[in-house]
1. Can you list the HN-Hα couplings for the range B:141-152, worked out from phi with the Karplus curve (6.51, -1.76, 1.60; θ = phi - 60°), rounded to whole Hz and with x for Gly and Pro?
2. What percentages, rounded to whole numbers, describe P(r) for the range C:229-342 computed over all alpha carbon pairs with 5 Å bin width beginning at zero?
3. At the nearest 100 Å², what buried accessible area, both sides summed, do you get for A and C when the probe is 1.4 Å?
4. Using only the alpha carbons of the range C:20-150, what is the convex hull's orientation-averaged projected area in square nanometres?
5. What does the charge count around B:Thr9 come to, taking other residues whose C-beta lies under 12 Å from its C-beta (Lys +1, Arg +1, Asp -1, Glu -1)?
6. Rounded to the nearest 500 deg cm²/dmol, what is the calculated helix-only ellipticity per residue at 222 nm for chain A, with -39500 (n - 2.57) per DSSP H run of length n ≥ 4?
7. In a GNM of chain B with a 10 Å cut-off on Cα contacts, which of B:Leu235, B:Leu330, B:Leu294 has the highest mean-square fluctuation?
8. For chain A, what is the accessible area per residue in Å² when the probe is 1.4 Å?
Amino acid sequence: MGDIATGITLAELSQRFGLELRGDPSLQIHGVATLASAGSGQLAFLANPRYRSQLSDTSAAAVVLRAEDADAASMPVLVARDPYATFAKISALFETREAHPPGIHASAVIATDAVVDPSAHIGAFVSVGARSRIDAGAVIGPGCVIGEDCIVGAGCELVARVTLVTRVRLGSNVRIHPGAVLGAAGFGLAMDAGHWLNIPQLGGVVVGDDCEIGANTTIDRGALDDTVLEEDVRLDNQIQIGHNVRIGAHTALAGCVAVAGSTRIGRDCLIGGAAGLVGHIELCDKVTVTAMTLVTHSIREPGEYSSGTPMMENRQWRRSAARFRQLDALARKVQGQDKENT
Amino acid sequence: MGDIATGITLAELSQRFGLELRGDPSLQIHGVATLASAGSGQLAFLANPRYRSQLSDTSAAAVVLRAEDADAASMPVLVARDPYATFAKISALFETREAHPPGIHASAVIATDAVVDPSAHIGAFVSVGARSRIDAGAVIGPGCVIGEDCIVGAGCELVARVTLVTRVRLGSNVRIHPGAVLGAAGFGLAMDAGHWLNIPQLGGVVVGDDCEIGANTTIDRGALDDTVLEEDVRLDNQIQIGHNVRIGAHTALAGCVAVAGSTRIGRDCLIGGAAGLVGHIELCDKVTVTAMTLVTHSIREPGEYSSGTPMMENRQWRRSAARFRQLDALARKVQGQDKENT
Amino acid sequence: MGDIATGITLAELSQRFGLELRGDPSLQIHGVATLASAGSGQLAFLANPRYRSQLSDTSAAAVVLRAEDADAASMPVLVARDPYATFAKISALFETREAHPPGIHASAVIATDAVVDPSAHIGAFVSVGARSRIDAGAVIGPGCVIGEDCIVGAGCELVARVTLVTRVRLGSNVRIHPGAVLGAAGFGLAMDAGHWLNIPQLGGVVVGDDCEIGANTTIDRGALDDTVLEEDVRLDNQIQIGHNVRIGAHTALAGCVAVAGSTRIGRDCLIGGAAGLVGHIELCDKVTVTAMTLVTHSIREPGEYSSGTPMMENRQWRRSAARFRQLDALARKVQGQDKENT
């Protein structure tokens, strides 16, 4: 990745990614951009039909698109079955990434019985606690705190200021963004003689290979068993995962989702932004939940689920909202009328 | 706590916690677990009736449960009036906690006029600002920032990467999880000639004894008076508390709750996850608010309060949502029919 | 600001801020407070009519208020057209601010090709990455991480533990509160052969002059173009701004708002707490969105918009919620009755 310093021809892109090329094979591509902002020498893409009208106005040198959109293009095109995924792969060629040389920064504080692979990078102001292990090629950015009994697998990247509190085990190639906190004590309370009593949180957090965890997201450790993310789970920013939650492989959660304790989410689910899941329920595989929905009970059938009301102009909304209060009385009245009429 | 290295007999547990024992008093317990995952030598518990069916399948050596569930158990049991609270106390015996020796880490930066008790623990990369005070036995974990004019009471634990911005006074035995920010300037703005003007935030934050504050939770300092949490208030992760909010003793807020400025919450309240409270309102004592409810006005009677709509399959939901838009017209039509019929 | 050590007379305040004074011009003011808590020598203010009744009980030495409230006051008053903005300016005189002497703390780690203005303040445990620039008078508080290719404009304040990941350019006088993360990789994913593929996030974040960004707020960097905040945008705490969002000048977002990727918000908008905006939509100028509203489509007319249902006592709410499920059937029945009747 990021290995294209001077440019690449359309012919090379076509060959490398198995794409049909329509246009000049020797055309040099020096960068990637959106249809709206692309300039000369830049490659753009068309995946979302919402932006199809931009095809006629773009200054892009070439465009990645579907076969059915190719005729509408006047510039060279690369035809892809999935232009979005294809563009992702091409644009990775132009990504510049921070260099992370192996070694431990002089300011870092590493417990004597922690084990850091010589190929790992440990940044400034990092602390690593007792009995923790940092595997080959892992990158621990500045300001991270790794507590006791943690494992950071091979090729993981903790970008900066990530906290693994205790008993957090990451698989390989996990990427965690700044401000995320994994392994904090879950919110377990029992009322005892008028005062809250903490339930000790003896479990940990297990994160599968290839997971990604967004900025300022929190994942609490389990009370007895572990909190678990299976492989390739994708969490956006500001998400809250309660203790003993389990999330299935390839499931993605958008920003600000809250999942309460002991809830299980299946594989290949998509949870929309700011949705909430109450505790102790189960979602089967392939469930989609739309944004800001509150999931109050288990879901046993794949499909799409929603709650809430549509957005309206406020004055009109107030009238509907007032009627919502009276909805049961209204329904009873209609049932009564129905009886009268029959 | 955490003082059981080799195990404890059922007889000792029975005596220590005042529990009726049914079964072999000499049985050794070496750990705690859930009914589903407990193995030999482990103690489990049954509190939530949802898990009662697991009693017949468990491999637990013994179980803590209510008298009415005891007959269904084939293994030794400890009978408790409140199995959940009892289990919390027993499981604390098996908790391993990080050692926090007294003293200040070599890397920490302490203002010359700050006062740190010799029994307090100050971790790596901690900074403590002018005129701040860290009391006996307090633990300040790695990466914490304590600003000016703060007090951290005796026995407090700031786990790691906690920020107290300024004028934050913690009582004793307060526990704060990583990423929490207390005492940031509240969101006070006045529009002045087309440009926002900041309202200076001259107050502080006062946190009572035994409070707990979750990971990445934020509590802003007051504009003139202080923002106040009374004793034993429990805040989960990702909560936002606006300036000049006041929360009564023993009240608990679940994750992702947002409380706008100057709102007052009574004692012994329970606020469900991702609920929102608008500003300048008052909730009396013993109010329960369900998850994702928006509290738009003061509540003067104890009880349970809710807003929102139930989760539905998306296609069906779309039909209800469309009708919500027309709800006022629908109600008027029914009223009109009612008149016609009478 | 903060330059009033010993007090100021009402005459001076009247002259300095162009306010009509009714009462003793020589009266000394030593501080500011709310009507409810003000003591002798303190100035209070009355702006919100909700607090008008406190005017008769206050012990404030003097009060800033509107002309129409002046007659109800028995103490000296300063008459202001906008008491709230006026009070903000006066109370700034009494604000104590932490001193931030120019220079770089001994513990800070600065890349050799980063440029730090000699008048800037760099606190303890700060790291500044390659090719980044810190301009005149900027304050970088303890524990901040500035990545590569960032610009912190003149007079900016990063209070503490702020992260600028990469390609973040701040205008002048931007204030960012602890825990905020700007420039993390946006949540761009394409499904490719059953496994998520990351879309490289090649853009940056551009923040205009005078913006404010709250504690633990996150602003992702753009995928190709930048994520942009125009001048004087105000973000409260715990807000999530997705990649390629654009927010117009003077717009303010309350706490916990979530804005999904590529959405554009106009100028002079007010977004209420915990509201959500889906991706790829546009809000025109002067739009107000009430708390916890989900904005699911573009808004082309200025005005106030809402969604949701009113808060109710739970038992009553359950009845309305159950009827919401049946709303389409109910409406059809009413339409049928209507036909029968006509």
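The values are calculated or read from the model by the stated rules, or taken from the named source; none is laboratory data. Since we're looking at a predicted model, the values are computed, not measured. Cβ sites come from the backbone with ideal geometry, for glycine too, and all protein chains shown count toward neighbours. Accessible surface areas use protein heavy atoms only, side chains included; no ligands, DNA or RNA. Shrake-Rupley method; radii C 1.70, N 1.55, O 1.52, S 1.80 Å.
1. After applying 6.51 cos²θ - 1.76 cosθ + 1.60, I find x, x, x, 6, 10, 10, x, 8, 6, 9, 10, 10 Hz.
2. Result, from short to long distances: 3, 11, 17, 19, 11, 8, 10, 9, 6, 3, 2, 1, 0 percent.
3. Numbers: alone 18660 and 18670 Å², together 31320 Å².
So the buried area, both faces added, is about 6000 Å².
4. On the way: hull surface 44.5 nm².
Spelled out: convex hull of the Cα atoms, projected over all directions, averaged, 11.1 nm².
5. On the way: positive: B:Arg16; negative: B:Glu12, B:Asp24.
The answer is -1.
6. Details: 5 runs with 49 residues, N = 342.
Taken over chain A, the calculation gives -4000 deg cm²/dmol.
7. Maximum among the listed residues: B:Leu330.
8. Values: 12820 Å² over 342 residues.
Ligands and nucleic acids excluded, the result is 37 Å² per residue.
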